[in-house]
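Readers should treat all values here as calculations from the given coordinates under stated rules, not as data from a laboratory. Remember, predicted model here, so these are calculated numbers, not experimental data. Cβ placement follows ideal geometry from the backbone for every residue including glycine, while neighbour counts extend to all protein chains displayed.
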Amino acid sequence: MTDQTSRRGLLKTVAVTGVAAAAAPAFAQAGGQRGGPGTPVPTSDPQTKYQKEPFPEQRQKWPALQRNMTPVPDCGEASYRGSGRLAGRKALVTGGDSGIGRAAVIAFAREGADVAINYFPTEEPDAQDVARLLRGEGHKIVLIPGDLTEQRFCVDLPGRAHRELGGLDILVNNAAYQQSKESIDEISFEQFDRTMKTNLYAMFYITKTAIPLMKPGAAIINTASVNSFTPEKEILDYATTKGGIAIFTKGLAKQLAKRGIRVNAVAPGPIWTPLQVAGGQLPGEMNKFGQETPLGRAGQPAELAPLYVMLASGELSYTDGSVFGANGGTGAV
Ligand code: NAD
Ligand code: MG
């Protein structure tokens, strides 16, 4: 076995068994941090870089644990290499225990940031997995569990992160609630309320209380969606919030430019995360997930992490009030 094939084998295994990576910091660190400037990065075909085959049907009780998914999503545990882009920054990421938020957390930490992660209390095992991995590599990770549907918790969250990290330069509003329902007849008032509270109200409360703690050069990144622009009919309430998040991003950027704070959003297409197995897809539909994109597969959270890093970093200093897609070629954003 050559070094190259053994590394390929290693990455393939880790892509499927992220838990192992999360549970074995030394192993993951070797994979994630290997090489330095000048180390060649292999070119890979985006069609086949990750699993192309449909995902097996599966369902977990909300909010679902990433460690119990088949296959386990790849959040860059073994692959993301940092290069000091966020050295010394302090970041708060909601929904950072799993999926896209976890990919951002891993990338931020390996780029040199200290990171506070918020998540729903029952997601403690996923949060511990990512904290163990990154702390094992010497990064500062602060865990702040709590329910974002509670106004009091949201309002206190930025201050807690600021206190525990010693500052706040990056805010990623990433947590969301999504339940697929065939028709508006099936969307209960309770579901609608929870979707609005989690996706819009929490973003507003957190952002409003974070801004006074931020200095010029800080960045706010919201997770929007392809549904911000073209709603899928099964997620009417969710898509409504995602449209709101895109508009909030653009409008807030106009206000905060004068304070030197940039606001942008990432708009993912179909990405393999716990959200999808906790009611995000209609029963029996998992085998279609991501298959209709031009790249012919769902995305993995790791494929979005560099977008969050670049939007957080001061390098994109003229990029403000914009929404960036990652959707497998659909051209939705
Ligand atoms: P995910 O399940 O890993 O992340 C969602 C997170 O939201 C959860 O981990 C949880 O911590 C948090 N959350 C939800 N309700 C909460 C509450 N009441 N209190 C505290 N935390 C709460 O799934 P993901 O797909 O990585 O989602 C991250 C973001 O990406 C979301 O904004 C989602 O809308 C967006 N997105 C995902 C996809 C996709 O296909 N997966 C596509 C477009 C947009
Ligand atoms: Mg989660």
Full-extension gain in nm, residue 53 to residue 201, via 0.36 nm per residue minus C-alpha separation: 49.6 nm
Quick check: the distance between the Cα centres of the range 211-257 and the range 74-101, to the nearest angstrom? 20
Computed FRET value (nearest 0.05) for residue 255 with residue 41, which takes r as the C-beta separation and R₀ as 30 Å: 0.20
Within the range 193-299, GluC sites (Glu not before Pro) in DSSP loop having at most 14 other beta-carbon neighbours inside 10 Å: 232, 285, 292
Where chymotrypsin sites (Phe, Trp or Tyr not before Pro) in DSSP loops with at most 16 other Cβ within 10 Å are excluded, longest remaining stretch of the chain: 1-228
Cα extents of the chain along the three principal axes, largest first, in whole Å? 56, 46, 35
Computed P(r) (all Cα pairs; the range 216-333; 10 Å bins; percent): 14, 42, 31, 12, 2
Hey, what number do you get for the chain at 222 nm if only DSSP H runs of n ≥ 4 count, each worth -39500 (n - 2.57), divided across all residues, to the nearest 500? -10500 deg cm²/dmol
